[in-house]
Amino acid sequence: LTALVASGIESYNYTFYGFLPRKSKDLKLKLEEILKVNTTAILYESPHRVKNLVEEISKIAPTRKISVARELTKMFEQIETSSAEEILEMLGNKIKEKGEFVVIISPNKDEKSEEVNVDELVELIYQKVQNGEKKSEAIKNIAKEFGINKKEVYSLYHEKYD
């Protein structure tokens, strides 16, 4: 959380992923998934693999704003926030590849930028509930999928169905 707050990247909706897969193919698949989501992503990475991670992010979304934080709360703490391609250029030069790394990836703003139809949103929840999903689970999943506050979705649903 220290890295998230210090990065300057929006922090009200985030997902913590921890360490990503080591295998190249699995890493690419997971990154493609993460880069589509419209919540901020928090990742851990080792100093030996951080450059590879940022390279992969740069290939998929070179202009995506990311932050690389290392050695948090220690004497050589460093936090750099910029586009993925600019961070890649800094690694090894301005950013030493030593210590513990936290990588923050800004949310995807391309998808879902159009206005969300409230009635369709409520209907999706209603259908999920009718299909046996718990109401709270359906609301949580729809809120996450559309990048909307869970409480807002909850109140929209209850205005119509309760």
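The values are calculated or read from the model by the stated rules, or taken from the named source; none is laboratory data. Bear in mind the structure is a predicted one, so any value in this text is a computation, not a measurement. We place every Cβ from the backbone using ideal geometry, glycine too, and count neighbours over all the protein chains shown. Ligands, DNA and RNA are excluded from the accessible area calculation, which covers all protein heavy atoms including side chains. Shrake-Rupley method; radii C 1.70, N 1.55, O 1.52, S 1.80 Å.
What to note about this one:
- Restricting the range 55-84 to residues that are open to solvent by 40 Å² or more (accessible area, probe 1.4 Å) and either of a type in the set (D, E) or in a loop (DSSP other than H, G, I, E, B) (or both) leaves a set whose member that is nearest to S24 (Cα to Cα) is E55.
- I87 satisfies every condition listed in (1) assigned to a helix (DSSP H, G or I); (2) modelled with pLDDT of 90 or more; (3) out of contact with any helix residue (DSSP H, G or I) (no Cβ under 8 Å at 6 or more places or on another chain); (4) open to solvent by less than 50 Å² (accessible area, probe 1.4 Å) except (3).
- Any pair with Cβ under 6 angstrom, 6 or more apart, that starts in the range 7-25 at a residue that is hydroxyl-bearing (S, T, Y) and ends at one that is modelled with pLDDT under 95 and part of a loop (DSSP other than H, G, I, E, B): Y14/T39; T15/T39
- Test: E85 is farther than 21 Å from L1 by Cβ, without any contact (Cβ under 8 Å) to a residue 60 or more places away in the chain and among the charged types (D, E, K, R): yes
- Exactly one residue among L72, L4, L35 is touching a Ser or Thr at 6+ places or on another chain (Cβ under 6 Å) and either among the β-branched types (V, I, T) or under 27 Å from E152 (Cα atoms) (or both), and that residue is L4.
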